[in-house]
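Read through the structure below, which is laid out as structure tokens, and then see the notes.
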Amino acid sequence: MPLVSTRCLSLHKNQAMNTPFRALLEHRRSIRNYLPEQVPDDVIKRCIESATLAPSSSNLQLWEYYHVKSKDKKAALVKACMSQPAAKTAPNLIVVVTRHDYWKRRCDANLDFFRKVAWDEPDDKPIRASTYFTKTIPALYFDFLGIFGVLKKVFSFFQGLRRPMFREVRASQVLTMSHKSVGLGAVTLMYALAAEGYDSCPMEGMDSKRVRKILDLPKGAKINMVISCGKRAEGGVYGPRFRLPIDEVFFEV
Ligand SMILES: Cc1cc2nc3c(=O)[nH]c(=O)nc-3n(C[C@H](O)[C@H](O)[C@H](O)COP(=O)(O)O)c2cc1C
């Protein structure tokens, strides 16, 4: 079965596309049938370390990764993933969690870093960082029962009439922001695994409430996705890769 789409093949004629990174992109597929061989713990840890190098909004790093090792928890997690093949056959499961509730402590961690590492720089960077993490980010992330979100929306609407204004200020929109960054971590993890010779499948087809319970996480922690990993077995790739023609997704304006 071809692992490379027709579009990718035509792109491959271009030498610039023939890079190891491109090969990795071509190789990674969502796998739904794995061999029983486990991914070694040190590989998982190294890949998660790589994933933490992903960019995140305001460098808040609102992510956590749970490698589920307990047999009972793993069985419960497979069930919570609707027993779908990508979970059921996987030797390893990692839950990617969005710690939206940690925004304040991650602001403090950034402030700490600036104090220790960059505080004695001659320009006003530390002052700007301090204002950013003590005023700007709290203004965006703090909310109570969605009430502040409505007020922020009204404020941003009227301010936006006069100047460019940040619009995604409601609680659900700020949560989306957190998920966006955590998703970048998740994709980095999958490519880190691919670089180590392991396959993966991202899954949002799961019962997030049950997954949160299995991990004993508070309500403020949100499940971003579950990533299964291991080595692909025969039939692990369900079919040839489908991607839209480039003209449908890329525009020069
Ligand atoms: C956020 C997200 C959630 C996904 N959820 C599932 C899922 O629950 N089960 C599954 O089998 N595949 C899932 N996938 C895999 C997609 O179906 C897959 O990425 C897509 O079909 C493209 O195939 P490829 O990854 O092999 O290129 C998910 C992918 C993403 C990005």
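Observations on the structure shown:
- For the chain, the share of DSSP beta bridges that are antiparallel, to the nearest 5, is 95%.
- Cβ-placed point charges (K, R +1; D, E -1), dipole of the range 33-237 about Cα centre in debye, nearest 20: 840 debye
- Report note on the peptides 74-80, 136-142: ranked by the mean count of other C-beta atoms within 10 Å, highest first, their order is 74-80, 136-142.
- Projected label points at GLU204 and GLU37, each 7 Å from Cα along the beta carbon direction, are separated by 3.2 nanometres.
- Members of LYS71/LYS231; LYS69/LYS222; LYS69/LYS213; LYS125/LYS180 lying beyond 24 Å, as alpha-carbon distances in this model show: LYS125/LYS180
- Theoretical gain in end-to-end length, PHE157 to ASP108 [0.36 nm per residue, Cα-Cα removed]: 14.7 nm
- Local electrostatic count, ASP143, Cβ distance below 10 Å [Lys/Arg +1, Asp/Glu -1]: +2
- Sulfur and carbon atoms: percent of accessible area, the chain [1.4 Å]: 60 percent
- Over the range 33-237, Cα pairs under 8 Å with separation of 6+ residues give a relative contact order of 38 percent.
- Anisotropy class of the range 33-116 from Cα gyration tensor, a/c 1.5 cut: prolate
- Surface per residue (accessible, 1.4 Å probe) for the range 33-237, Å²: 55 Å²
- Candidates VAL117, VAL174, VAL187: whichever shows maximal mean-square fluctuation once the chain is modelled as a Gaussian network with Cα springs under 10 Å: VAL117
- Computed FRET value (nearest 0.05) for ARG167 with SER57, which takes r as the C-beta separation and R₀ as 22 Å: 0.90
- Under 18 Å of direct C-alpha separation, and excluding same-chain neighbours fewer than eight residues apart, LYS152 reaches these lysines: LYS135.
- Distance between the modelled labels on ALA75 and LYS213, one decimal in nanometres: 1.7 nm (7 Å Cα→Cβ projection).
- The Cα atoms of the range 33-237 give a gyration tensor whose axes a ≥ b ≥ c have a/c of 1.5 or more with a/b greater than b/c, which makes the shape prolate.
- Positive minus negative residues near PHE166 (Lys, Arg vs Asp, Glu; Cβ under 13 Å): +4
- Chain lengthening between LYS125 and ARG241 when straightened (0.36 nm per residue, less Cα-Cα): 37.1 nm
The values are calculated or read from the model by the stated rules, or taken from the named source; none is laboratory data. Keep in mind that what you see is a predicted model, and the values were worked out from it rather than measured. In this analysis, Cβ positions are derived from the backbone assuming ideal geometry, glycine residues included, and neighbour counts consider all displayed protein chains. To get the accessible areas, we keep the full protein, side chains included, count just its heavy atoms, and leave off ligands, DNA and RNA. Shrake-Rupley method; radii C 1.70, N 1.55, O 1.52, S 1.80 Å.
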